[in-house]
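The values are calculated or read from the model by the stated rules, or taken from the named source; none is laboratory data. Keep in mind that this is a model prediction, so the values were computed, not measured. Cβ: placed from backbone, ideal geometry, glycine included. Neighbour counts: every protein chain shown. The accessibility values were calculated without ligands, DNA or RNA, using every heavy atom of the protein model including side chains. Shrake-Rupley method; radii C 1.70, N 1.55, O 1.52, S 1.80 Å.
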Amino acid sequence: MRSLLVSLLGGFLLTSCSTGSDCEQNPDIAKVEAPVQLERLEKPFFQIKNPAEAQQFLDHHPLFARQYLLEGRYGSEQLAQTMTQLATNAGLQKLGRETEAAFQNTDSLQQQLRGLFQHVRYYYPSFRVPPVKTFVSGLGKEPEKDALFANDSLIVLSLDFFVGPTASYRADVPAYINRRYTPAHVLPALALTISSKYNRALTGNHTMLRDMVQFGKSLYFAEKMLPCTPDSLLMGYTNKELVGVQFNEGKIWAHFIEKNLLYTADPFVIKKYIGERPATPEIDKTAPGRLGAWVGLQIVRKYMEQHPETTLPQLMAQRDAQRILNDSHYKPKRK
């Protein structure tokens with residue numbers, strides 16, 4: 001809704017052959033206190049019929065209004081008018097009903113969030129669980145930015161992005177991106193968002209390797225927060241794509257080496273392997289996009305395998321991509 005408000009006002013499938021290596025619940029993590037304050041705002045939002053009721057909604061949810069709806073930027077009166085337009089829009093009401101059907105089990109969502117936050121607090125005891133609000137945002141053109149909002153004091157899940165392929169309306173992005181927005185993707189997307197709080201930026205020149213390892217660290221963080229989450233959900237690959245990249249890991253790595261890609265600083269070339277694309281035809285016409293991020297995850301996994309004494313916070317604080325690559329001894333062979 002933030003992008004929709006701006007205009008009005010001026011990582012899949014559920015199963016995979018690969019899952020986290022530590023899928024069983026750690027009893028120490030199970031003991032971690034992580035109470036979740038979850039509030040569903042869809043119902044009160046769609047009860048709005050006029051600007052006065054919209055203003056009451058804003059008054060009842062001041063943190064949400066201030067941080068998510070940007071009340072200070074637009075002003076209460078104008079925001080109330082816009083909220084009324086959206087809440088009474090027939091198309092958005094229909095999407096709201098579909099969102100409610102897809103996420104009708106609030107207890108289950110709360111339990112899943114608690115599990116995620118328990119893992120965060122296990123590794124980072126000072127982490128304070130922010131209140132979590134769910135909402136129907138009206139979709140936006142950039143789901144990666146609009147589907148989730150998270151800072152130290154508030155998390156907002158725009159669940160309409162995650163209804164899945166049966167939704168009447170979906171974000172205006174290619175199908176290969178939209179397939180990463182289903183109910184099963186909410187927690188992985190949130191874990192990746194939280195990773196930015198702890199994953200320190202790598203130093204040195206902006207090269208392919210730096211971006212590969214940076215993304216690899218984020219994905220590894222999400223994997224540790226959600227150890228039973230399959231790689232297909234983390235990466236947004238289909239099962240067939242995942243099987244293909246796993247089988248051809250050596251070939252993919254050889255491509256990066258033989259084409260001297262690791263140290264290129266050409267942003268166009270980097271985007272080919274890191275950015276959003278339906279495929280990577282430079283390697284193979286069936287190869288999925290974002291292979292640089294996937295290889296980055298394999299490098300980080302190998303690094304942590306070689307250095308079991310390294311904690312997750314230490315990994316997130318590591319800022320030398322070359323050191324991570326060198327110390328990982330990552331050299332997959334062609335099959």
Roughly speaking, what is the centre-to-centre gap between the range 189-236 and the range 42-121 when only Cα atoms are used, to the nearest Å? 29 Å
Do you know the relative contact order of the range 169-265, to the nearest whole percent, from alpha carbon pairs under 8 angstrom that are 6+ apart? 33 percent
Cross-link partners among aspartates and glutamates for Lys302, C-alpha distance below 20 Å, same-chain residues fewer than 8 apart left out? Asp22, Asp211, Glu223, Asp231, Glu249, Asp320, Asp327
To the nearest 20 Debye, how big is the dipole of the chain about its Cα centre, given +1 on the beta carbon of each Lys and Arg and -1 on that of each Asp and Glu? 700 debye
Gain on full stretching of the segment that runs from Arg73 to Gln314 - 0.36 nm per residue minus C-alpha separation: 82.9 nm
Obtain the nm distance between the two label points defined at Asp172 and Lys285 by a simple spin-label model: each point lies 7 Å from its Cα along the Cα-to-C-beta direction. 3.2 nm
Tyr124-Glu142 pseudo-label distance in nm [points 7 Å out on the Cα-to-Cβ vector]: 2.2 nm
Is the chain rounded, prolate or oblate when judged by the Cα gyration tensor, a ≥ b ≥ c being the square roots of its eigenvalues, rounded requiring a/c under 1.5 and prolate requiring a/b larger than b/c? prolate
Straight-line reach from Lys271: which lysines have a Cα under 22 Å away, not including same-chain ones fewer than 8 places off? Lys141, Lys145, Lys217, Lys251, Lys259, Lys285
First measure r as the distance between the Cβ atoms of Tyr263 and Ser108, then evaluate 1/(1 + (r/R0)^6) with R0 = 45 Å and state the FRET efficiency to the nearest 0.05. 0.45
Looking only at the chain, where both bridge partners belong to it, what percent of the DSSP beta bridges are antiparallel (to the nearest 5)? 30 percent
Virtual spin-label span in nm between Glu100 and Leu63, 7 Å along Cα→Cβ: 2.5 nm
Given N residues in the range 227-331, what is its alpha carbon radius of gyration divided by 2.2 N^0.38 Å? 1.10
Computed lengthening from Ser153 to Ala30, 0.36 nm per intervening residue step minus Cα-Cα distance: 41.9 nm
As a test question: what accessible area, to the nearest 10 Å², does Met83 have when a 1.4 Å probe is rolled over all protein chains in place? 0 Å²
FRET efficiency (Ala254, Gln306; Cβ distance; R0 22 Å; to 0.05) is 0.60
